[in-house]
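The values are calculated or read from the model by the stated rules, or taken from the named source; none is laboratory data. Note that the coordinates shown come from a computational prediction; the quantities given were computed from them, not determined experimentally. For neighbour counting, all protein chains shown are included, and Cβ atoms are generated from backbone atoms with ideal geometry for every residue, glycine included. Note: accessible area is taken over every heavy atom of the protein model, side chains too, but ligands, DNA and RNA are not part of it. Shrake-Rupley method; radii C 1.70, N 1.55, O 1.52, S 1.80 Å.
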Amino acid sequence: MSSSSSNQPILKVENLVKSFPILGGLFSREVASVKAVSGVSFELKKGETLGLVGESGCGKSTLGRTIIRLLEPTSGKIYFEGKDITNLEGPELRILRRKMQIIFQDPFASLNPRMTVGAIIEEPLEIHGLFPNPKDRIERIKQLVDMVGLRFEHLQRYPHEFSGGQRQRIGIARALAVEPELIVCDEPVSALDVSIQAQVINLLMELQKKLNLTYIFIAHDLKVVEHVSNRVAVMYLGKIAELADSMELYKNPQHPYTQALLSAIPFPDPRHKEDRIILTGDVPSPMNPPNGCYFHPRCPKVMEKCNSQIPELKETISGHETSCLLY
Ligand code: SF4
């Protein structure tokens with residue numbers, strides 16, 4: 001976690017929506033749509049890390065991919081370094097892709113098994129025409145493997161010859177190759193053993209400091225996000241339920257959903273057990289979201305108005321936004 005170097009946001013997302021069509025009938029026409037991201041707004045400063053947390057299916061990965069334009073936004077606006085990038089196409093989008101990279105959850109599935117590590121790291125340099133001189137390119141690749149804690153001789157090997165943690169290092173080197181400004185880390189440690197998770201997180205934090213990177217760090221584990229994030233956004237069914245500075249959110253959660261997620265973190269002290277809030281039921285389907293507050297069928301603090309009124313995300317304490325009719 002590093003502090004921001006400027007007050008200007010590097011990224012601004014306004015009322016972003018991402019829907020997917022549901023096709024049906026004889027001619028596979030669109031019969032309905034499902035909103036995976038449903039009107040999300042936030043800003044991110046350079047050098048900052050925003051943690052995006054929520055249960056599986058809450059839209060956090062879709063949000064990350066839509067922001068970096070791997071998915072087409074349905075509506076809303078995305079500004080990067082002050083420029084509207086919502087509808088960029090062609091060469092302009094290609095230039096943008098250099099600045100925004102992604103690290104995937106499963107480093108094995110995301111690395112081509114038929115390419116050597118050297119070729120995997122070189123590919124983005126080739127695509128973007130960087131370091132065209134062979135000597136300079138080799139130097140750059142050497143620098144990248146060194147930066148992520150791999151060795152030069154690893155470049156001749158294939159992904160299956162590496163452990164999960166090492167494969168994630170290869171994925172990080174590939175993402176860094178094009179000198180990005182913003183990296184979406186999409187559950188980068190979820191597939192790794194607990195003992196390896198800390199090493200990869202420490203590496204990401206070191207690299208952030210060294211290269212002044214901005215991260216969107218997606219995770220379902222609130223514990224992981226606490227240590228890497230300056231701010232945390234808790235998502236529920238495609239919307240932000242709560243957004244605050246990391247320390248503030250953990251100390252003073254406002255939204256009943258955040259309170260339940262935090263209460264589920266195991267504490268070594270057994271006295272904490274009595275505080276556990278058990279959520280009943282599953283996350284509703286985004287194809288058929290509930291009326292009113294999306295969380296009302298599971299909320300331990302539900303009120304009568306919650307099934308008809310939609311809460312807005314608003315500042316409930318300075319710098320702390322919550323979407324709940326209790327406030
Ligand atoms: Fe619970 Fe109502 Fe707040 Fe929704 S608006 S989180 S249902 S109290």
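Summary of computed values
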quantity: Residue among Ile68, Ile10 that alone is β-branched (Val, Ile, Thr), crowded, with 19+ Cβ neighbours inside 10 Å and over 26 Å from Lys314 (Cβ atoms); calculated: Ile68
quantity: Hits in the stretch 292-324 - residues which are acidic (Asp, Glu) and either in contact with a strand residue (DSSP E or B) (Cβ under 9 Å, 6 or more places away or on another chain) or open to solvent by less than 60 Å² (accessible area, probe 1.4 Å) (or both); calculated: Glu315, Glu321
quantity: Pairs with Cβ under 8 Å, 6+ apart, first in the stretch 57-81 and within 19 Å of Met235 (Cα to Cα) and in contact (Cβ under 8 Å) with a residue 24 or more places away in the chain, second open to solvent by 20 Å² or more (accessible area, probe 1.4 Å) and assigned to a helix (DSSP H, G or I); calculated: Ile68/Arg97; Leu71/Thr62; Leu71/Arg65
quantity: Some residue of the stretch 177-188 being over 23 Å from Ile10 (Cβ atoms), in contact with a Gly (Cβ under 8 Å, 6 or more places away or on another chain) and of a type outside the set (Gly, Ala, Ser); calculated: no
quantity: Near pairs, Cβ below 9 angstrom, 6+ apart or cross-chain, from the stretch 238-250 (in contact (Cβ under 8 Å) with a residue 24 or more places away in the chain and among the β-branched types (Val, Ile, Thr)) to any residue that is buried (at least 19 other Cβ atoms within 10 Å of the Cβ) and not in a strand (DSSP E or B); calculated: Ile240/Leu313; Ile240/Ser323
quantity: In the stretch 208-225, residue nearest to Tyr294 (Cα to Cα) [restricted to those that are crowded, with 19+ Cβ neighbours inside 10 Å and over 12 Å from the mean Cα position of the chain (by Cα)]; calculated: Leu222
quantity: Out of Arg169, Arg174, sole residue that is under 23 Å from Lys60 (Cβ atoms), touching a helix residue (DSSP H, G or I) at 6+ places or on another chain (Cβ under 9 Å) and not in a loop (DSSP other than H, G, I, E, B); calculated: Arg174
quantity: Where Tyr327 falls short, out of the listed (1) more than 10 Å from the ligand (Cβ to nearest atom); (2) open to solvent by 80 Å² or more (accessible area, probe 1.4 Å); calculated: (1)
